[in-house]
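Asker: Structure in structure tokens, see below.
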Protein chains: 2
Amino acid sequence: MQIEPAGIGTPVDAIETPALVVDLDSFEQNLHQMAEFARGAGVRLRPHAKTHRCPAIARKQVAAGAVGVCAQTVGEAEAMIRGGVGDVLVTNEILSPGKLRRLAMLARDASVALLCDSAAGVDAASRAAVEAGTQLGIYVEIDVGMGRCGVAPGASACDLVRQVVEAPGLVFQGLQAYHGRAQHFPRFADREAAIGAAGQAVRETRSMLEAAGVPPGIVTGAGTGTHRLEAESGLWHELQAGSYVFMDREYAEIEGPSGRPEPAFDHSLFVMAGVISVSGNRATLDAGLKSLSGEKGLPLVYGRAGVTAVGMSDEHTVLELAPGMPALEIGERVRLIPGHCDPTVNLHDWIVALRGDQVAEVWAITARGASQ
Amino acid sequence: MQIEPAGIGTPVDAIETPALVVDLDSFEQNLHQMAEFARGAGVRLRPHAKTHRCPAIARKQVAAGAVGVCAQTVGEAEAMIRGGVGDVLVTNEILSPGKLRRLAMLARDASVALLCDSAAGVDAASRAAVEAGTQLGIYVEIDVGMGRCGVAPGASACDLVRQVVEAPGLVFQGLQAYHGRAQHFPRFADREAAIGAAGQAVRETRSMLEAAGVPPGIVTGAGTGTHRLEAESGLWHELQAGSYVFMDREYAEIEGPSGRPEPAFDHSLFVMAGVISVSGNRATLDAGLKSLSGEKGLPLVYGRAGVTAVGMSDEHTVLELAPGMPALEIGERVRLIPGHCDPTVNLHDWIVALRGDQVAEVWAITARGASQ
């Protein structure tokens, strides 16, 4: 872990670059807006901590009404529970005996659940819980169209649920129905169709469970790109959105119901970079692929019309200025909106939280790198 | 920093996944092959530490004959010097007064140089060296076609060199002439043309310096994709290749002089992942964008014909099996060759070095995240 980047009260222009910064006003607005949406829709909110990997943020989400958080790895779950979160769902299949042992130990101090999509997974989780003398909650993941993990909806899912119900050390809690790819479909109609089909799979599986006399538990899923659709369907009981607290270039560009981008949340997350070289209409920044994840394309330059990122390498982003734009100067700072927030945050050890032009809080990303 | 992932002697199948692993036999072959190439070509080797961010590897490179290492950031330089490297060139423009102070302090214990491409950069470096009572080496960077940093070759470069020569606390050492984009040009002829043009810029600038009575120092540059071209030109005195120790999918795919891919170095770096879900001809691994940098595309599956990565998300890679391939099983381990090695290494805290099927060494990536 690199050293803490800035003290409370530091003026924004004195923060060393590159730095991961959050605008607290926008962040808090996003935080409360999603919490209020969930309350209004009558669903639980369990924000995904893979977005921030940061217990300071998780605690704020719980304080705003979340029932707990999701994690994607056992390491994230450990960091969240050590950081004060009492209820964590690992939204992933965990097969390694070593990881399951760690998870079962965590269940001594917190409410811990994970996903299963195979008989092997149920057996391994049950063994770990029995050995640790704890209980693990289980959601059976059904593949609702993502083509990643998940058992087929319907009969296969019901068979697996029955195995969970009978397994010692495990408590069946419901179904995981998450369509990750649909979050990023640019067209609203495509997202609507995908969540409609996912809803059908959920309905069918729950009906089969009820017909077999098995209480179907709750349905959890959804992300920032589709959360309204799941909530309005009446089929989901819990939302797992994560990116809403930060937003990123990709989420801001997808269509809303009107057919145009109409992001419900503000950009609160930026990488602050410094200009280190200027030549003609070109300026080079001191932040690149090791400060901004590049798989979703180049970052946006915040608050500067006519300035566009045209290239990124390990430690540099090259900007081009449209004709007539005022030149950038060496030493100047620029805020970049990452293409994709989750893997960008994972490149940093700290988030510098700004109130206006001053450092107000500094948050450790304690689960940075915790992919095991 | 996450905890050390495996003890010496651990069998490969007991290493927790995802893990960054190095095959020591291939790694050592790459290490010595580049060292011998440089010796044979009569040029110095200063491998780029941005590839590995790992002092244990830097020490092996120096032991094999390198004059020192390159770093891309001040944080990397600090980690390398603390890790026992006595000679570091920061191949970057450094403008922040705080970073220059740190660099000037490092020069108390090691030989430290950096790049300049502006009068502001020369002034700032000079001030920092004078204040610290140390000396900083300076290479003037000329833009040889990359379009990132660098002053124009010829007269502008000569003016800047004169400023360096006169600045207190600075020692002019020569020219940085690096064409980063050319490293990855897939066609050999395009790389040859790019380095040919770069050589012209070098020759012209050195002639002008000599005509003005300024000793032109040495020329440093080159990377894994073009190093033979720079060495054979007779114009470069020092090579900065970095990726050669590891290789990656992109470097293995570029054409050699024959017009076909003919990688001179072996893949020694892998992300080892575990199968967590299987469905039909699809298998899902527990390693994704937070373990493998995705901006250069999907990873290759090592040693398994007919198995192809078709998608990656934060913590998952989805594989597809060609018809007739033996199914992958839950719990099985798979080695992935990253699309791009440098930013992939930067996602991890440790490199697990394997001799055959056992852990032989574990190396801390102490400059992981050190982009400031």
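Asker: If I filter segment B:124-141 down to residues being within 13 Å of chain A (Cβ to nearest Cβ) and assigned to a helix (DSSP H, G or I), which single residue comes out as farthest from residue B:77 (Cα to Cα)?
Answerer: Restricting to residues being within 13 Å of chain A (Cβ to nearest Cβ) and assigned to a helix (DSSP H, G or I), the top hit is B:124.
Asker: Taking only pairs six or more apart or across chains, which ones have beta-carbon atoms under 7 Å, a first residue in segment B:248-275 that is at pLDDT below 95, and a second residue that is exposed (fewer than 15 other Cβ atoms within 10 Å of the Cβ) and in a strand (DSSP E or B)?
Answerer: Short answer, once both residue conditions are applied: B:252/B:261; B:253/B:261; B:254/B:261; B:255/B:261.
Asker: When you check residue A:291 against the structure, is it under 23 Å from residue B:289 (Cα atoms), touching a residue at least 24 places away in the same chain (Cβ under 8 Å) and either in contact with a helix residue (DSSP H, G or I) (Cβ under 9 Å, 6 or more places away or on another chain) or within 14 Å of chain B (Cβ to nearest Cβ) (or both), yes or no?
Answerer: Criteria met by residue A:291.
Asker: In addition: Output yes when any residue across segment A:193-200 is under 29 Å from residue A:131 (Cα atoms) and surrounded by 23 or more Cβ atoms within 10 Å (Cβ to Cβ), and no when none is.
Answerer: Looking through segment A:193-200, none of the residues is under 29 Å from residue A:131 (Cα atoms) and surrounded by 23 or more Cβ atoms within 10 Å (Cβ to Cβ).
Asker: Considering segment A:356-369 alone, what residues qualify as being in contact with a Lys or Arg (Cβ under 7 Å, 6 or more places away or on another chain) and facing chain B (nearest Cβ under 8 Å)?
Answerer: Selection gives A:368 alone.
Asker: With the structure loaded, tell me whether residue B:319 is part of a loop (DSSP other than H, G, I, E, B), buried (at least 19 other Cβ atoms within 10 Å of the Cβ) and in contact with a strand residue (DSSP E or B) (Cβ under 8 Å, 6 or more places away or on another chain) or whether it fails that test. Spell out the reasoning first.
Answerer: Working: part of a loop (DSSP other than H, G, I, E, B): no; buried (at least 19 other Cβ atoms within 10 Å of the Cβ): yes; in contact with a strand residue (DSSP E or B) (Cβ under 8 Å, 6 or more places away or on another chain): yes.
The answer is no for residue B:319.
Asker: Which condition does residue B:289 not pass, out of (1) farther than 30 Å from residue A:160 by Cα; (2) of a type outside the set (Val, Ile, Thr); (3) at pLDDT 95 or above, if it passes all the others?
Answerer: Going through the list (1) farther than 30 Å from residue A:160 by Cα; (2) of a type outside the set (Val, Ile, Thr); (3) at pLDDT 95 or above, residue B:289 breaks only (1).
Asker: Residue A:29: touching a residue at least 60 places away in the same chain (Cβ under 8 Å), out of contact with any Ser or Thr (no Cβ under 9 Å at 6 or more places or on another chain), farther than 30 Å from residue B:350 by Cα and part of a helix (DSSP H, G or I), yes or no?
Answerer: no
Asker: Hey, could you check segment B:13-51 for residues that are within 14 Å of chain A (Cβ to nearest Cβ) and β-branched (Val, Ile, Thr) and say which is surrounded by the fewest Cβ atoms within 10 Å (Cβ to Cβ)?
Answerer: Within segment B:13-51, the match that is surrounded by the fewest Cβ atoms within 10 Å (Cβ to Cβ) is B:15.
Asker: Residue by residue through segment B:267-282, note down the ones that are within 14 Å of chain A (Cβ to nearest Cβ) and either closer than 28 Å to residue B:28 by Cβ or buried (at least 23 other Cβ atoms within 10 Å of the Cβ) (or both).
Answerer: Residues of segment B:267-282 within 14 Å of chain A (Cβ to nearest Cβ): B:271-282.
The answer is B:271, B:272, B:273, B:274, B:276, B:277.
Asker: Go through (1) facing another protein chain (nearest Cβ under 7 Å); (2) more than 19 Å from residue B:244 (Cα to Cα) and name the single condition residue B:324 misses.
Answerer: Failing condition for residue B:324: (1).
Asker: So, one more: For segment A:98-124, which residues satisfy the criterion of being of a type outside the set (A, V, I, L, M, F, W, C) and either more than 24 Å from the chain's Cα centre (by Cα) or under 19 Å from residue A:158 (Cβ atoms) (or both)? It would help to see each step written out before you state the result.
Answerer: Quick first cut of segment A:98-124, residues of a type outside the set (A, V, I, L, M, F, W, C) only: A:98-99, A:101-102, A:108-109, A:111, A:117-118, A:121, A:123.
Listed by number, the residues that qualify are A:98, A:101, A:108, A:117, A:118, A:121, A:123.
Asker: A further question follows. Of these, B:337, B:330, B:365, B:351, which one is modelled with pLDDT of 95 or more, in contact with a Cys (Cβ under 8 Å, 6 or more places away or on another chain) and farther than 24 Å from residue A:5 by Cβ? Steps first, please.
Answerer: Details: B:337 fails: in contact with a Cys (Cβ under 8 Å, 6 or more places away or on another chain); B:330 fails: in contact with a Cys (Cβ under 8 Å, 6 or more places away or on another chain); B:365 fails: farther than 24 Å from residue A:5 by Cβ.
None of the others qualify; the one that does is B:351.
Asker: Do the conditions hold for residue A:123, that is, is it in contact with a Gly (Cβ under 9 Å, 6 or more places away or on another chain) and at pLDDT 95 or above?
Answerer: Against the criterion (in contact with a Gly (Cβ under 9 Å, 6 or more places away or on another chain) and at pLDDT 95 or above), residue A:123 does not qualify.
Asker: Here is a further query. Here is a list: A:185, A:172. Which entry is within 18 Å of residue A:228 (Cα to Cα), crowded, with 16+ Cβ neighbours inside 10 Å and more than 14 Å from chain B (Cβ to nearest Cβ)?
Answerer: Only one candidate passes the filter, namely A:185.
Asker: Which ranges mark the strands (runs of 3 or more DSSP E) fully within segment B:184-295 that have 1 or more residues being among the hydroxyl-bearing types (Ser, Thr, Tyr) and under 22 Å from the mean Cα position of the chain (by Cα)?
Answerer: The qualifying strands (runs of 3 or more DSSP E) are B:218-221.
Asker: Which condition number does residue B:330 fail, the rest of (1) in contact with a Ser or Thr (Cβ under 8 Å, 6 or more places away or on another chain); (2) in a loop (DSSP other than H, G, I, E, B); (3) under 20 Å from residue A:314 (Cβ atoms) being met?
Answerer: (3)
Asker: Could you give me the residue pairs with C-beta distances under 8 Å whose first residue belongs to segment A:6-24 and is in a strand (DSSP E or B), whose second residue is surrounded by fewer than 21 Cβ atoms within 10 Å (Cβ to Cβ) and among the basic types (Lys, Arg) wherever it lies, and which are 6+ apart or on separate chains?
Answerer: Note: pairs meeting the criteria are A:21/A:335.
Asker: Just to be sure, is residue A:324 modelled with pLDDT under 95 and surrounded by fewer than 23 Cβ atoms within 10 Å (Cβ to Cβ)?
Answerer: Yes; evaluated as a whole, the condition is true for this residue.
Asker: Right, here's the next one. Of the residues that sit in segment A:142-161 and are touching a helix residue (DSSP H, G or I) at 6+ places or on another chain (Cβ under 9 Å) and part of a helix (DSSP H, G or I), which one is surrounded by the most Cβ atoms within 10 Å (Cβ to Cβ)?
Answerer: Only one residue tops the list, namely A:161.
Asker: For segment B:75-117, which positions are in contact (Cβ under 8 Å) with a residue 60 or more places away in the chain and in a strand (DSSP E or B)?
Answerer: Passing the criteria: B:89, B:91, B:113, B:115.
Asker: Is it true that some residue in segment A:336-355 is more than 10 Å from chain B (Cβ to nearest Cβ), surrounded by fewer than 16 Cβ atoms within 10 Å (Cβ to Cβ) and in a strand (DSSP E or B)?
Answerer: Looking for residues that are more than 10 Å from chain B (Cβ to nearest Cβ), surrounded by fewer than 16 Cβ atoms within 10 Å (Cβ to Cβ) and in a strand (DSSP E or B), one finds at least one in segment A:336-355, hence yes.
Asker: Please specify each residue of segment B:303-315 satisfying the condition of being surrounded by 19 or more Cβ atoms within 10 Å (Cβ to Cβ), out of contact with any Asp or Glu (no Cβ under 7 Å at 6 or more places or on another chain) and within 9 Å of chain A (Cβ to nearest Cβ).
Answerer: B:312, B:313
The values are calculated or read from the model by the stated rules, or taken from the named source; none is laboratory data. From a predicted model like this one, the values you see are computed outputs, not experimental measurements. For neighbour counting, all protein chains shown are included, and Cβ atoms are generated from backbone atoms with ideal geometry for every residue, glycine included.
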